[in-house]
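Shown next, in structure tokens, is the structure this report addresses.
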């Protein structure tokens, strides 16, 4: 709750307020979607959450459902629906996002970011609502080292028929849908490219889950911490409250029509170092073991966030150690 209060305090200081705004969130029971929903409901926004609970969790929104300003509709956004509601803002977050779901659910992922965004954009068009799309750093693929930190102007280095292509290319297609609706229908659109986000309410799953909750669960249970490759590949980890604040600044500020903005941490961390930090914080005896690196796994990932600093007056505030401590405490509480 303190993190949500801090987000709202920062937004209020910047005169960004969603009080009374009618907001549709697809994927609103997911990790990021449920965080955004909590913040908006605290601001007295009127939130409609659409989620088919394929990867989102009913437990993420259990308390929200008791609030009169929150409505949950269980529905797959890649199939049509009629909503007899007005919306000021539509946020499209629906999509599986774990790399190890790409092989299991490639068609569902493709549908969420093509058919799903088409349907969500249609709702925004009908309502003349502002539209925010949560894209991803995956649109950059495996960047050329000369383009790290990576600017929004980088076109990407993506394998269109690789094992990650269902996500990478559908997110790129989703951005093209957003641009097309902006050009043809004049919709106010914004695209956020999200980098590796972690924090409470993140699914742990198993060895194939996302790296932060997977390492935490393995360290807590004394299982070997599984590092893919030699662990020298890097990611830029951002705590969820920093990510949500950046997203809501982009969604809530005026005069940002058409903008594409990286929201992430501009500090690179090697995966092996992440494993060691988590092991140290927990005081775990888990061994670190190595497995073959997945195909097309990016070697480095780090955003250039100068645009977010300039346009949104935003930068991450939570250090990796502080964020991991918060996340580990949440996992220790048994809420996973």
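Read-outs throughout are calculated quantities, based only on the coordinates presented, and are distinct from any laboratory measurement. The structure displayed is predicted, hence computed values, not measured ones. Glycine also receives a Cβ, built like all others from the backbone with ideal geometry; neighbour counts cover every protein chain displayed.
Table for the structure above
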item: Mean projection area, nm², convex hull over Cα of the stretch 136-197; result: 4.9 nm²
item: Over the chain, relative contact order from alpha-carbon pairs under 8 Å, at least 6 apart, %; result: 17 percent
item: Pair residue 13, residue 44: separation of 7 Å Cα→Cβ label points (nm); result: 2.3 nm
item: C-alpha long axis of helix 211-221 to longest principal axis of the chain, angle in °; result: 50 degrees
item: Burial ranking of peptide ranges 237-249, 266-278 (average Cβ count within 10 Å, highest at the top); result: 237-249, 266-278
item: The chain - share of DSSP beta bridges that are antiparallel (%, nearest 5); result: 5 percent
item: Exposure proxy order (Cβ contacts within 10 Å, fewest to most) of 169, 42, 295, 103; result: 295, 103, 42, 169
item: Translational diffusion of the stretch 85-150, µm² s⁻¹ [Kirkwood Rh, Cα pairs; Stokes-Einstein; 4 °C; 1.567 mPa s]; result: 94 µm²/s
item: Estimated inter-spin distance, residue 79 and residue 176, nm [label 7 Å along Cα→Cβ]; result: 2.7 nm
item: Pair-distance profile P(r), taking every C-alpha pair of the stretch 265-336, with 10 angstrom steps and integer %; result: 14, 35, 35, 14, 1
item: Degrees separating the helix 271-282 axis from the principal Cα axis of the chain, which is the longest one; result: 80 degrees
item: Ellipticity estimate at 222 nm from DSSP helix runs (n ≥ 4, -39,500 (n - 2.57)) divided over the chain, nearest 500; result: -11000 deg cm²/dmol
item: Approximate shape of the stretch 151-275 as ellipsoid semi-axes (Cα gyration tensor, √5λ), whole Å, largest first; result: 32, 18, 13
item: Two-decimal log10 I(q)/I(0) for the stretch 209-336, as the Debye equation yields it once each C-alpha is a single scatterer, q = 0.22 Å⁻¹; result: -1.25
item: Projected area averaged over orientations for the stretch 102-220, convex hull of C-alpha atoms, nm²; result: 9.1 nm²
item: Segment residue 146-residue 293, length gained on full extension (0.36 nm per residue, minus Cα span); result: 50.6 nm
item: Taking the convex hull of Cα positions in the stretch 17-139, its mean projected area over all directions (nm²); result: 7.4 nm²
item: Paired Rg and Dmax values of the chain, which use every Cα atom, in angstrom; result: 18.8, 58
item: Using alpha-carbon coordinates, inclination of helix 165-185 to the longest axis of the chain, degrees; result: 20 degrees
item: Value of D in µm² per second that Stokes-Einstein yields for the stretch 42-82, Kirkwood Rh from Cα pairs, at 4 °C (1.567 mPa s); result: 116 µm²/s
item: R0 of 35 Å, Cβ-Cβ distance residue 6-residue 161: FRET efficiency to nearest 0.05; result: 0.20
item: Simple spin-label estimate for residue 273 and residue 313 in nanometres, 7 Å along Cα-Cβ; result: 3.2 nm
